């Protein structure tokens, strides 16, 4: 019997301390959206969503991540909350560092056979809520700065409480 496919994505995986800062700064805004709140433990920035990856291709996905070890580290400054239609409420950045764009682009290029046609270009954000009752105007907030010194390969496993995420591997970035 063939092993099952795994639902995978590459992400910037914040520290528990940074997740707590996000929650403290955005909880009231997220609650006011009327959407389904994302649990603090699931806050992350998706670099590249791969979707269902067959077990026999898992090693090639890990290799693609490992080959980017040592790319430049960077800082993200999350300074806004905006709704993307009525689907998502997101913590966003007004500027994206070139090193972040390069990391996402290199992942996309090395894993092009996995990238879905509807996969959007990389735009750093942390999803705070889904299925909003109403859209809302972009709201500026005091900047939340995240030093990004590594990136991760993450597995998403759906269950009754939503998706549960497990970090499978991490790779360092260079200063």
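The values are calculated or read from the model by the stated rules, or taken from the named source; none is laboratory data. Every value quoted in this text rests on a predicted model; they were computed, and no experiment measured them. Ideal geometry is used to build each Cβ from the backbone, glycine not excepted, and the neighbour counts take in all protein chains shown.
Search the range 109-128 for residues being more than 14 Å from the chain's Cα centre (by Cα) and surrounded by 15 or more Cβ atoms within 10 Å (Cβ to Cβ), and hand back the single one that is nearest to residue 33 (Cα to Cα). Out of the qualifying residues, it is 115.
All conditions but one from (1) at pLDDT 95 or above; (2) touching a strand residue (DSSP E or B) at 6+ places or on another chain (Cβ under 9 Å) apply to residue 53; the one that does not is (1). Can residue 50 be described as over 15 Å from residue 125 (Cβ atoms), touching a residue at least 60 places away in the same chain (Cβ under 8 Å) and in a strand (DSSP E or B)? Yes; evaluated as a whole, the condition is true for this residue.
Whether any residue in the range 158-165 is surrounded by fewer than 12 Cβ atoms within 10 Å (Cβ to Cβ), in a strand (DSSP E or B) and at pLDDT below 90 is what I want to check. Yes, the conditions are met somewhere in the range 158-165.
Pull up the range 129-147, narrow it to residues that are surrounded by 15 or more Cβ atoms within 10 Å (Cβ to Cβ) and out of contact with any helix residue (DSSP H, G or I) (no Cβ under 7 Å at 6 or more places or on another chain), then point me to the one that is modelled with the lowest pLDDT. Of everything passing the filter in the range 129-147, 136 is modelled with the lowest pLDDT. Being at pLDDT below 90 and in contact with a helix residue (DSSP H, G or I) (Cβ under 9 Å, 6 or more places away or on another chain) is the filter; apply it to the range 94-117 and report the residue that is farthest from residue 149 (Cα to Cα). By that ranking, first place goes to 113.
Is it the case that some residue within the range 50-72 is more than 15 Å from residue 151 (Cβ to Cβ) and touching a helix residue (DSSP H, G or I) at 6+ places or on another chain (Cβ under 7 Å)? Spell out how you get there, then give the answer.
So the first thing to find is which residues in the range 50-72 are more than 15 Å from residue 151 (Cβ to Cβ), and the list is 51-60.
Pick out the ones that are also touching a helix residue (DSSP H, G or I) at 6+ places or on another chain (Cβ under 7 Å) and you get 53.
Yes.
Regarding the range 144-154, can at least one residue be identified that is in contact with a strand residue (DSSP E or B) (Cβ under 9 Å, 6 or more places away or on another chain) and not in a strand (DSSP E or B)? Talk me through it step by step, then tell me what you get.
To start, the set of residues in the range 144-154 that are in contact with a strand residue (DSSP E or B) (Cβ under 9 Å, 6 or more places away or on another chain) comprises 144-154.
Next, only the ones that are not in a strand (DSSP E or B) stay: 149.
For the range 144-154, residues in contact with a strand residue (DSSP E or B) (Cβ under 9 Å, 6 or more places away or on another chain) and not in a strand (DSSP E or B): present.
Inside the range 76-90, can you point out the residues that are within 15 Å of the chain's Cα centre (by Cα) and closer than 17 Å to residue 122 by Cβ?
Residues of the range 76-90 within 15 Å of the chain's Cα centre (by Cα): 76-78, 88-90.
If the condition is that a residue be within 15 Å of the chain's Cα centre (by Cα) and closer than 17 Å to residue 122 by Cβ, then 76, 77, 78, 88, 90 are the ones that fit.
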